[in-house]
Amino acid sequence: MTDSKYFTTTKKGEIFELKAELNSDKKEKKKEAVKKVIASMTVGKDVSALFPDVVNCMQTDNLELKKLVYLYLMNYAKSQPDMAIMAVNTFVKDCEDPNPLIRALAVRTMGCIRVDKITEYLCEPLRKCLKDEDPYVRKTAAVCVAKLHDINAQLVEDQGFLDTLKDLISDSNPMVVANAVAALSEIAESHPNSNLLDLNPQTINKLLTALNECTEWGQIFILDCLANYMPCDDRESQSICERVTPRLSHANSAVVLSAVKVLMKFMEMLPKDLDYYGTLLKKLAPPLVTLLSAEAELQYVALRNINLIVQKRPEILKHEMKVFFVKYNDPIYVKLEKLDIMIRLASQANIAQVLAELKEYATEVDVDFVRKAVRAIGRCAIKVEQSAERCVSTLLDLIQTKVNYVVQEAIVVIKDIFRKYPNKYESVIATLCENLDSLDEPEARAAMIWIVGEYAERIDNADELLESFLEGFHDESAQVQLQLLTAIVKLFLKKPTETQELVQQVLSLATQDSDNPDLRDRGYIYWRLLSTDPVAAKEVVLAEKPLISEETDLIEPTLLEELICHIGTLASVYHKPPSAFVEGSRGVQHKRLPARAVITLVKRTGLSGSNMGAGLGVAPAAMPASLGGAPAVGGGLGDLFDLGGGVGMPTGSYVAPKTVWLLAIKAKGLEISGTFARRGGIIQMDLSLTNKAMSVMTDFAVQFNRNSFGLAPAGPMQVLTPLSPNQTIDVSLPLSMSGPVMKMEPLNNLQVAVKNNIDVFYFSCQYPLSLLFVEDGRFYRQVFLATWKDIPNDSEAQFQIKDIHLNSDVASNKLQGSNIFTIAKRTVEGQDMLYQSIKLTNGIWVLAEMRIQTGNPNYTCTVPRIVYASLLHSQ
Amino acid sequence: MISQIFILSSKGDHLIYKDYHIIMKHFRGEASKDSINVFYEMVTALSGDQTPVVMVHLCSHKDLHFIHVRQGGLYWVASTKTNPSPFTIIEFLNRLAALTKDYCGSLSEKSVRMNFALIYELLDEMVDFGYIQTTSTDILKNFIQTEAVSSKPFSLFDLSNVGLFGAETQQSKVAPSVAASRPIMSSRGEQSGKNEIFVDVIERLSVVIGSKGVLMKSDIQGEIRIKCFLPTSSEMRIGLNEELSIGKSQQKGYSSAVRVDECRFHQAVKLDEFDTFRILKVCPSQGEQTVMQYQLCDELPCAPPFQLFPSVQKDYYIVTSQLLFFTFSCSTALNVSITVPVPKGSVSMSQELSSPDQTAELQPKNKALLWEIPRFPGGAQLSALFKVDVPGLSSASLLEVGPVSMSFELAKQTCSGLQIRFLRLAPTQTGLSQRWVRYVTHSDSYTIRI
């Protein structure tokens, strides 16, 4: 007997019959009946009426029957809550069954029954099962916590299940660990600020150990969880990378992609000159290439991800151009993605190969693909200058085919090539003009008209050409109409004598007969310009155009960063942040790549007795962040050295150049840029306020939020005159240290509110820590060494500053300008050791040791080392 | 995380439907089933240009994302509301289909219908609350209670297998393809299932040959697949070519070493003897699994299997003559088909073919002519002459005679040269077990430019 008979159409008395069979004495018959019920359920029939009868079958020692009954229960318990209660006793009993399969089955099913009354009964059995001796039961129970949390979050918290779940991360069975991690990750997502998944080096280590042992699916949970961790220094991130790398050769592509995500993220922390960084780059390429040998569906997903990776780190795949060449039997969506990546990877080294391929593609059958291929040839020309000539001749060849859409597409891209390389390829215009008649798409027509107008002086019959377009002016699309208007005005300015009539005609067409406001307005503007001041008109219409950029379709950097954090997920396929398509609060937190830092924090712990000291442990981390990357942030010792500035002369404290803090578009036209400076012991905030709006701004005022060092404005902001449109004013705001204190993250973060007559605007900026170094920061020389030795090892931090070509004396001089005082100097084995002290505005002393390697001129001061030790000075 | 899993027949009937409750919260009862119908409408409305991977269904501001694969004529669909990895889900759906095939013997609407209780049971063990738990038959067999019901369709293949006409046919030397399609868990009582193990080496070949006969690009994607029917799992040793080298080696010299660029292994494969002896140690779980995947880009150890010498001339019509040469002498190519693009507006064609079993036809809709050779003996050479009548012929029309593409199948042959040296089962294995090793090379994309 086969199961298919259950699906045969049912007659009226079916439910009745089933009822009878369910209550039969024979086990076999019962089993068959339950199967029939489930079959009806699957095809969408309502068999909820049989609930009590099915529940009656539950008490059986036949596992197969029990599983079937549980399956039914899961589906209908919600609609029959009162009946479901009848089942509770059996559930509770089954949770104590000697057979672990039954215990797990009961726990799993109970969690799936979303009836509030049942959840109360669930707590005790679940608590037992979480500590069960059998790992199969424990791993099922771990998931059950997530289920219960979904039904009643408060209950889970009150019952302390979350803590038990956290304990399971240290379980001996990798499957249990994986499920615990998955459950915790999901629960943590709905509580963004909770500290549920408290990832620290110890737990990370446990996860990495479990990673090697658990199933492929468990590996995915663990890798995804690892990706949310922020390693505290580059050594840790290197060691995590080393342990994750073997996953790249896993047969399951989901594991590979999750590993790639972790590596891409942690690579940010690694210094680029590290050997390991290069090794890692090399290791990333083969797995990505292998993904392209999968089925078309997976290939598509892989290509969307590779597109992101190539934008972030083109060096990974720069030698793998060939794998992106399309195969004739690729589906069109794979072909288009491959083309996109080919262009991104195109460089001088491989351009010949790429062009040869693109030319082949341009003769294929699929219209969309051919169009994109032609466009790609144009993009190559713009991207790789050396290839421009070859691209243009390839495009001309293609125009010769006279295939309508190829010609049109070619003309559109040739227009862009003209804009990128003006006055270079105009010789081809004649060929283009031959194809005027075949152009029927607005974009191509507009491009052609632009070319004719732009080079009117070189085309003898430009007026005739444009006139021919003018005949059907009203039938053209707006794009073509606008272009035609501009082109004819250009023509008129270049050849005023012959084209007076033509320009009259187009202006009247545009202004009188058109109902398109853009067209009319543009027509009027031209008319006024031409009638009042032809010279000005020439300046405006024939103005020099800015060059077009090389790369198009680039994803905006912040979005790209976020998407890199979501490699392998739906977000990376859509190229949209998860918040754009995932409902509610889940996943709204924007993920960011870690900041690149050149530091090696060796030991880092708080200082006893002072909460500010605890913060200082992190402070050095914030400072050199600016050394490696953007100089605008913070401003640490690297800035103090001021590489670009006058060498050697201490000219007072270093002042970073102004950076934009508040964008005009975010503040109704008010743009604020600024920096911080310490001048003669007074801290100042230098601001430039620019009015980019159309109206006058007045009534400026400023306020700070509470911050780590109590910075506050010492007086009101002095903006005396109203700020008229397009005017910029520079203001210096003296700051005091008497404001309320609150520890910020990062430590030197400052949140500012600026008010004017329009609105209040908020922005945050980071001040360099050196701002807080006071002038009397010279420590007593006699007690320096003793104090140095007394500092416990665990409050030390160590980091490197790179690429500084100064000798120790100059460096010491320079630092003194910023109130970092050299107390002693000693030379050991060619290394200069500088012992330095700093005092902060709030009375905290920082002692430092800087090692400068002399000898090699290139590396004179490349690796100075500072060991910061902070201690509270009691005077 | 996965919210729902369903299996639909090609007509859109619901065969299996599993809701991991997240949807139910919002839709409840009947409405949740509607999502299946929504999916079916969407998938049937798909044109070939759209990506089948991910589809979004907007439903009262709550997006539902469908991810599906098609296998065995069925839709295997998962839906989700969060931001999971599509790789995970596609891999899982493929694995689910493979497991269904392993457990039910074959993959069809009928076998899924007959075994729905078994599949529900499998799904319950494989996915809990949308989290994938396991897909390994080794683990699953501890939990699964339901027995498979297998269908035994009458098949001529079975007869030919017996050697109906007394003669040993070509096929009977190779394991018949149906032999491998039966459930892995044949009823416990009767020991009807033979102790068999199949090891297949399958390669897919992609080649681009430039207009002057230059090999421009070639790559091989290969895999070693095991289908195991042994009742108990014990260690098996698979010996590959001893001279196999992995990675791009510096010195190539004259050695005839077999080389692959990169390989990936199933996580159950033990590699301790791989580095020195090229032996894979694996305890195959029941059912089908890929133990090793490898690839080789460029630098094929042999010449590409087919050489085509096309020539195209323009007269009053386009004349194209093709000369095809099969370079492998000891193998036979099956189902060779050659597609030659022709200019738009081609109306008719006359042909001269070198042997009677070949066929050729013009397909004006696809702007191509198709030349088919059912069986191509090794070392042979075939030629064909086509005259295509194109009204309004211009010099540009010649450009439209684009790259020629070929598809074929080479039995008993690998292009990389990878071979299974031996297949040893642990001596503890009781009873006689039959071991089959099969090689096959498929064309993936074989293009010859004119």
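General observations
- Filter pass, A:SER239 being at pLDDT 85 or above and of a type outside the set (Lys, Arg): yes
- Residues of region A:202-236 that turn out to be closer than 20 Å to B:SER85 by Cβ and either open to solvent by 40 Å² or more (accessible area, probe 1.4 Å) or in contact with a Phe, Trp or Tyr (Cβ under 8 Å, 6 or more places away or on another chain) (or both), as a count: 4
- Scanning region A:57-84 for residues that are surrounded by 16 or more Cβ atoms within 10 Å (Cβ to Cβ) and of a type in the set (Asp, Glu) yields one hit, A:GLU64.
- Condition met for A:VAL323 (farther than 30 Å from B:GLY210 by Cβ, within 11 Å of another protein chain (Cβ to nearest Cβ), modelled with pLDDT of 85 or more and more than 17 Å from the chain's Cα centre (by Cα)): no
- Counted residues, region A:160-199 - those being touching a residue at least 60 places away in the same chain (Cβ under 8 Å) and within 13 Å of another protein chain (Cβ to nearest Cβ): 2
- Residue match in region A:189-201 (condition: under 24 Å from A:ALA106 (Cβ atoms) and open to solvent by less than 20 Å² (accessible area, probe 1.4 Å)): no
- Single residue of region B:100-115 satisfying the filter (touching a residue at least 60 places away in the same chain (Cβ under 8 Å) and open to solvent by 10 Å² or more (accessible area, probe 1.4 Å)) that is farthest from the other protein chains (Cβ to nearest Cβ): B:LYS101
- Taken over region B:258-269, residues that are within 14 Å of chain A (Cβ to nearest Cβ) and part of a strand (DSSP E or B) amount to 5.
Here's the yes/no breakdown for (1) of a type outside the set (Lys, Arg); (2) closer than 20 Å to A:PRO231 by Cα; (3) not assigned by the TED database to the domain that holds A:ILE222:
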residue: A:SER258; (1), (2), (3): yes, yes, yes
residue: A:LYS272; (1), (2), (3): no, yes, yes
residue: A:GLY278; (1), (2), (3): yes, yes, yes
residue: A:PRO286; (1), (2), (3): yes, no, yes
residue: A:TYR300; (1), (2), (3): yes, no, yes
residue: A:LEU317; (1), (2), (3): yes, no, yes
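- Test: residue in region A:85-99 that is surrounded by fewer than 23 Cβ atoms within 10 Å (Cβ to Cβ), under 47 Å from the mean Cα position of the chain (by Cα) and within 14 Å of chain B (Cβ to nearest Cβ): no
- Selection within region A:106-158: residues that are under 34 Å from the mean Cα position of the chain (by Cα) and of a type in the set (Lys, Arg). The member of this set that is nearest to the other protein chains (Cβ to nearest Cβ) is A:LYS147.
- Considered as a group, the residues in region B:135-145 that are without any contact (Cβ under 8 Å) to a residue 60 or more places away in the chain and open to solvent by 10 Å² or more (accessible area, probe 1.4 Å) include one that is nearest to the other protein chains (Cβ to nearest Cβ), and that residue is B:GLN145.
- Of note, B:PHE386 does not satisfy the criterion of being in a loop (DSSP other than H, G, I, E, B), in contact (Cβ under 8 Å) with a residue 60 or more places away in the chain and not assigned by the TED database to the domain that holds B:ASP200.
- Which listed residue is of a type in the set (A, V, I, L, M, F, W, C), farther than 28 Å from A:THR558 by Cβ, within 10 Å of chain B (Cβ to nearest Cβ) and touching a His at 6+ places or on another chain (Cβ under 7 Å), from A:ALA294, A:ALA251: A:ALA251
- Which numbered condition B:PRO310 misses (of (1) modelled with pLDDT under 80; (2) surrounded by 14 or more Cβ atoms within 10 Å (Cβ to Cβ)): (1)
- Within region B:297-354, the residues that satisfy the criterion of being farther than 27 Å from B:VAL440 by Cβ, assigned to a loop (DSSP other than H, G, I, E, B) and within 14 Å of another protein chain (Cβ to nearest Cβ) are B:VAL342, B:PRO343, B:LYS344, B:GLY345, B:SER346.
Here is a yes/no grid of residues against (1) within 12 Å of another protein chain (Cβ to nearest Cβ); (2) under 51 Å from the mean Cα position of the chain (by Cα); (3) touching a residue at least 24 places away in the same chain (Cβ under 8 Å):
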| residue | (1), (2), (3) |
| --- | --- |
| A:GLU28 | no, no, no |
| A:ALA39 | yes, yes, yes |
| A:LEU65 | yes, yes, yes |
| A:ASP82 | no, yes, no |
| A:ARG103 | no, yes, yes |
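- Of the residues making up region A:237-276, just one is among the charged types (D, E, K, R), more than 20 Å from the chain's Cα centre (by Cα) and closer than 18 Å to B:THR88 by Cβ, namely A:ARG247.
- Number of the exception - B:GLY378 against (1) touching a Cys at 6+ places or on another chain (Cβ under 9 Å); (2) buried (at least 18 other Cβ atoms within 10 Å of the Cβ): (2)
- Condition met for A:SER770 (modelled with pLDDT under 80, outside any loop (DSSP other than H, G, I, E, B) and crowded, with 16+ Cβ neighbours inside 10 Å): yes
- Flag for B:ARG421 being at pLDDT 80 or above, at negative phi and away from every other protein chain (no Cβ under 14 Å): yes
- In region B:356-371, the residues that are within 12 Å of chain A (Cβ to nearest Cβ) and of a type in the set (S, T, N, Q): B:GLN363, B:ASN366
- Some residue of region B:217-236 being within 30 Å of A:PRO286 (Cβ to Cβ) and either surrounded by fewer than 16 Cβ atoms within 10 Å (Cβ to Cβ) or modelled with pLDDT under 80 (or both): yes
The values are calculated or read from the model by the stated rules, or taken from the named source; none is laboratory data. Since this is a predicted model, take the numbers as computed values, not measurements. With ideal geometry, Cβ positions are generated from the backbone for all residues, glycine too; neighbour counts draw on all protein chains shown. Calculation scope for accessible area: heavy atoms of the full protein, side chains included, ligands and nucleic acids excluded. Shrake-Rupley method; radii C 1.70, N 1.55, O 1.52, S 1.80 Å.
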